[in-house]
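Below is one structure, written out as structure tokens; comments come after it.
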Amino acid sequence: MKLTEAPFDLPLRIAAVQGGEGVRRRLLCLGFHQGDRIVVVSSGILKGPLLVRNLTADVTIALGRGVALKILVEADHA
Amino acid sequence: MRSDPRPPSVVFIGQPNCGKSTLFNAIAGPKAEVSNFPGTTTKHTHSDVKVGGRTLSVIDLPGTYSLVPFDPAEKVAYGHLFGEKPDLIVNVLDASTLSRGLELTLELVEMRRPMIVALNMVDLAEKKGLEIDPSRLERSLGVPVVTTIASHGRGIKELLDKAFDVLDRGWTVPRHGWSADVQAKLDELTRLLPADLCAGMDDIFAAVKLVETGHLACDGLLTELEPAFKADLDRIRAELEAIRGVPAYEVISAERHHLALKISEDAGRLRHGARLTWDMKVDDVIMHPVFGYLFMAAIFTLFFLIIFKVGSPLETLLLKPLGALKIWLAARLGSGLGFYLADGLLQGVGGGIAIVLPYFIPLLLLMAFLEDVGYLARAGYLLDTFMHRIGLHGKSVSPFILGFGCNVPAVVATRILESRRDRIITSLLIPFIPCSARTTIILALVAFYLGPFWALGFYVINMAVVAILGWALSRLVKAESPGLILEIPSLKVPSLLNIARKTRLQLKDFVGFAWPLLIAGSLVLSLVQYFGADRIINLVLSPLVAGGLGLPKDLGVTLVFGFLRKELSLIMMLQALGVDYKNLLSVISREQIMTFTIFVNFFIPCLSTFAILWREIGRRYAFLSVALSVGVALALSHLARLIF
């Protein structure tokens, strides 16, 4: 599923990033890699950005909806 | 080494928010002239520090996530490490986000130049339940590791001792491992490497950089100089991509990521599971979809209250001696050219001291405080939704807030935005944010003569104008914006030293750039008055001023003043009309006051802002900004006339 469709507080795994080089490189820099465990903590009002916590790297970032649409995740059952 | 006349250079590098500036301050002292605004440093500053009888030339690089020259800050770090070849690299590593920080550390290790890891903020990591064994980390990385808590000054001496030790005795940094398939490709590339292409570099490091930087570094140059090698490079990149199914730069990055995870798992021990720490509880409230906005509204209301409570008495206090000085000058110099020039100089210097600084310095201090605590990033997250409506995103929030103090540093601050499109739109909107000089006019004219609610309404309309313009501009400037990707650093106890340092850096743009222009503008105005050119200007402008705006034609010259110095418009208005402040209503109506304020507020960015726009986003957009302002000012003041 797309990151924007993921429920809050559910452990997820990054399956793929579909964005262009700009988005991919920035996410890599911030420590977000394919296979990482993440969780959507919250979101801003009126379709605001998502607050995403990377459990692997222990970092939190805010992602605009446009960026979040390009990140595919799957539920992490581990 | 001691006989070398040039002191050894030590460069500090680390990811944003790793406590690098605090550590640097602890070593170089608060007086060191350094630049650290994320992404804005175009050159790095050396400062010589005497430690234990020896001199070190320390260099602070802007916080950087990686060594790929992707955003402006990274370009600085990259350029420095490759161009200047420092004698020692000190990599500041945030222990509380160990595995991510290690990705940069591994990149540095690949250079195989003398380096030390300063494992900083170990106290924060311990609070999170992470215990790190520095000796295990040292063994995995093959470089010395020193634990520090920069905010308490702990570990500084050990770090310096280690630095001298490495400088004196040298240290050979071993290579870190790669997966077998990636290693094979890198080895193949090193064999193909033209002899003098990457002279002086470790060859695996050179191969890695060639693969991962791609078009960001030397691809274009290679195509021209070494077309055969470039073809091999492209082939190897394609082979790497085929192995892992992701772009070549991502293959390299993933390698480091996995190694970093392995190292951090080996060196770190999680004492307890995820526990709610105080900052997470606070975050739940201040980033809450409802309470978060209420909290933010309260913070910013308080913010502006403090600024005006501090600024207004300061302004009065500072204006008094300036007024006395002017009278004294008039008595001494008479009314010749000398007096006019001295007065112009006084107005220019004094305007900066008495009108801008009393409001601007408190604003900068509070901004630096909010940034240091980590709140600005959170405000960016909360306001992203609204910024999105006007075609921008959350990162534009802090330049806008700065604009309330002075537009000039605000335009400079847009450099934190990654895309040129966002920089241009934000820079074009900043001149519409009422800076402290314009706020004094709004308060003196609208709040005093029409009432505080009118002034408040004025601000609301002003913000609406910014929103509408932003919406329109984002439809005109068509280019892709990458959208919001913003790190939310964990909340921190603020450091006074950091706040002072940030404030001083921001102030530099005002003092070094805007102020001299302000003084020059004042001198020009004095000359205009001395030679009686104001009458001619009034005559030329009278169709606009009297016909278009319905104001007394004597106010024409104050509009010119508005370009040179916004806040002088008020004083000039009184001079031009020949009345004092209290009797203003005897010569001009309330409606005219409103029209005048609207026009002066919106029309034309002041000279300093115009100059900084020219420097930052180019001549074309600087003139577009002028056209926009004049258009908006004419339209709005006309509208005001119709309504009243």
Point to revise | Fraction of beta bridges assigned by DSSP in chain A that are antiparallel (%, nearest 5) | key: 100 percent
Check your understanding: When DSSP beta bridges are limited to those with both residues in the protein assembly as shown, what percentage is antiparallel, rounded to the nearest 5?
Key -> 65 percent
Review point. Counting pairs of alpha carbon atoms under 8 Å apart in space and at least six apart in sequence, what relative contact order in percent does chain B give?
Key: 10 percent
Study note, to complete from the structure: Length gained, B:HIS215-B:LEU317, 0.36 nm per residue minus C-alpha separation, equals 31.0 nm
Practice item. For B:ARG271 paired with B:ARG590, estimate the spin-label separation in nm (one decimal), with each label point 7 Å from Cα along the Cα-to-Cβ line. Key: 6.7 nm
Practice item. Could you tell me how many degrees, from 0 to 90 and to the nearest 10, lie between the Cα long axis of helix B:227-244 and the main elongation axis, the longest principal axis, of the Cα atoms of chain B? Key: 80 degrees
Study note, to complete from the structure: Around B:MET287 (Cβ within 15 Å, Cβ-to-Cβ, excluding B:MET287; K/R +1, D/E -1) the net charge comes to -3
Practice item. Divide by every residue of chain B the summed helix terms, -39500 (n - 2.57) for each DSSP H run of at least 4, and state the resulting mean residue ellipticity at 222 nm, rounded to the nearest 500 deg cm²/dmol. Key: -19500 deg cm²/dmol
Exercise for review: Can you list which of the chymotrypsin sites (Phe, Trp or Tyr not before Pro) found in segment B:512-551 are DSSP loop residues with at most 12 other C-beta atoms within 10 Å?
Suggested key: B:PHE531
Practice item. Compute the distance in nm between two label points, each set 7 Å from the Cα along the Cα-to-Cβ direction, one at B:ARG235 and one at B:LYS262. Key: 2.9 nm
Check your understanding: Modelled label-to-label distance, A:ALA16 and B:LYS553, 7 Å Cα→beta-carbon offset: nm?
Key -> 7.3 nm
**Study point:** Positive-pole candidate from B:ASN91, B:HIS80, B:VAL49, dipole of the protein assembly as shown, charges at beta carbon
**Key:** B:VAL49
Check your understanding: In debye, nearest 20: dipole of segment B:87-212 around its Cα centre with unit charges on the Cβ of K, R (+) and D, E (-)?
Key -> 200 debye
Exercise for review: Report the charge-dipole magnitude of the protein assembly as shown in Debye, nearest 20, computed about the Cα centre from +1 at each Lys and Arg Cβ and -1 at each Asp and Glu Cβ.
Suggested key: 1940 debye
**Study point:** Backbone N under 17 Å from the B:LEU456 label point (7 Å along Cα→Cβ), restricted to segment B:287-320
**Key:** B:297-306, B:308-309
Exercise for review: Report, to the nearest 10°, how far helix B:607-617 tilts away from the longest principal axis of the Cα atoms in chain B, using its own Cα long axis and a range of 0 to 90°.
Suggested key: 30 degrees
Study note, to complete from the structure: Given Cβ charges of +1 for Lys and Arg and -1 for Asp and Glu, the option among B:ALA611, B:ILE588, B:LEU527 whose Cα lies farthest towards the positive end of the dipole of segment B:515-644 is B:ALA611
Study note, to complete from the structure: So for chain A, using the alpha carbon gyration tensor with a ≥ b ≥ c as root eigenvalues (a/c under 1.5 gives rounded; past that, a/b versus b/c decides prolate or oblate), I'd call it rounded
Revision key, fill the gap. Plugging the Cβ-Cβ distance of A:ALA75 and B:LYS127 into 1/(1 + (r/R0)^6) at R0 = 45 Å yields, to the nearest 0.05, a FRET efficiency of 0.90
Revision key, fill the gap. antiparallel share of DSSP beta bridges within chain B, to nearest 5, in %, is 35 percent
Check your understanding: Quick one: if the Förster radius is 35 Å, what FRET efficiency do B:ALA324 and B:ALA297 give, using the C-beta to C-beta distance and rounding to 0.05?
Key -> 0.25
**Study point:** Percent breakdown of C-alpha pair distances by 20 Å bin, ordered from the shortest bin, for chain B
**Key:** 17, 43, 29, 11, 0
Check your understanding: B:ARG154's amide H: which non-local residues (gap 5+, or another chain) put their own amide H closer than 5 Å, with H modeled 1.01 Å from N in plane and none for Pro or chain starts?
Key -> B:ILE149
Practice item. Find how much the distance from B:THR223 to B:SER179 grows on full extension, using 0.36 nm per residue of separation minus their present alpha carbon separation; answer in nm with one decimal. Key: 13.0 nm
Study note, to complete from the structure: Interchain or sequence-distant (5+) residues whose placed amide H lies within less than 5 Å of the amide H of B:VAL92 are B:ILE13, B:GLY14, B:ALA118
**Study point:** Three-way shape call for the protein assembly as shown based on the alpha-carbon gyration tensor, with the a/c threshold at 1.5
**Key:** prolate
Review point. Which percent of the Cα-Cα distances in segment B:175-313 go past 26 Å?
Key: 53 percent
Check your understanding: What does the helix-only formula give at 222 nm for chain A: each DSSP H stretch with n ≥ 4 adding -39500 (n - 2.57), the total divided by the residues, and the result rounded to the nearest 500 deg cm²/dmol?
Key -> -4000 deg cm²/dmol
**Study point:** Rounded FRET efficiency, nearest 0.05, which uses the C-beta distance separating B:ARG420 from B:ALA195 and R0 of 56 Å
**Key:** 0.90
Study note, to complete from the structure: Ordered by fewest other Cβ atoms within 10 Å, a rough proxy for footprinting exposure, A:GLU74, B:GLU315 read A:GLU74, B:GLU315
Practice item. Specify whether the C-alpha gyration tensor of segment B:141-243 places it in the rounded, prolate or oblate class, a ≥ b ≥ c being the square roots of the eigenvalues: rounded for a/c under 1.5, otherwise prolate if a/b is larger than b/c and oblate if not. Key: prolate
**Study point:** Given charges at beta-carbon only (K, R positive; D, E negative), |dipole| of segment B:283-361 in Debye
**Key:** 480 debye
Study note, to complete from the structure: The helix B:515-530 Cα axis meets the longest alpha-carbon principal axis of chain B at an angle in degrees, between 0 and 90 and rounded to 10, of 20 degrees
**Study point:** Under the Karplus curve 6.51 cos²θ - 1.76 cosθ + 1.60, θ = phi - 60°, whole-Hz ³J(HN,Hα) for segment B:11-26, x wherever Gly or Pro sits
**Key:** 10, 9, 9, x, 6, x, 6, 8, x, 5, 5, 5, 5, 4, 4, 4
Revision key, fill the gap. Of the candidates B:GLY245, B:ALA207, B:GLY268, the farthest towards the positive dipole end of segment B:180-270 (Lys/Arg Cβ +1, Asp/Glu Cβ -1, centred on the Cα centre) is B:GLY268
Check your understanding: What's the exposure ranking of A:LEU69, A:LEU63, A:LEU27, B:LEU67, going from fewest to most Cβ atoms within 10 Å?
Key -> A:LEU69, B:LEU67, A:LEU27, A:LEU63
**Study point:** Least to most buried among B:SER66, B:SER140 (fewest other Cβ within 10 Å first)
**Key:** B:SER140, B:SER66
Point to revise | Straight-distance crosslink candidates among lysines, where the alpha carbon sits under 28 Å from A:LYS47 and sequence neighbours closer than 8 are dropped | key: A:LYS2, A:LYS70, B:LYS281, B:LYS395, B:LYS478
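Since every read-out is calculated from the coordinates, none of them should be taken as a lab result. What you see is a predicted model; the values in this text were computed from it and never measured. Note: ideal-geometry Cβ built from the backbone for every residue, glycine included; neighbour counts use all protein chains shown.
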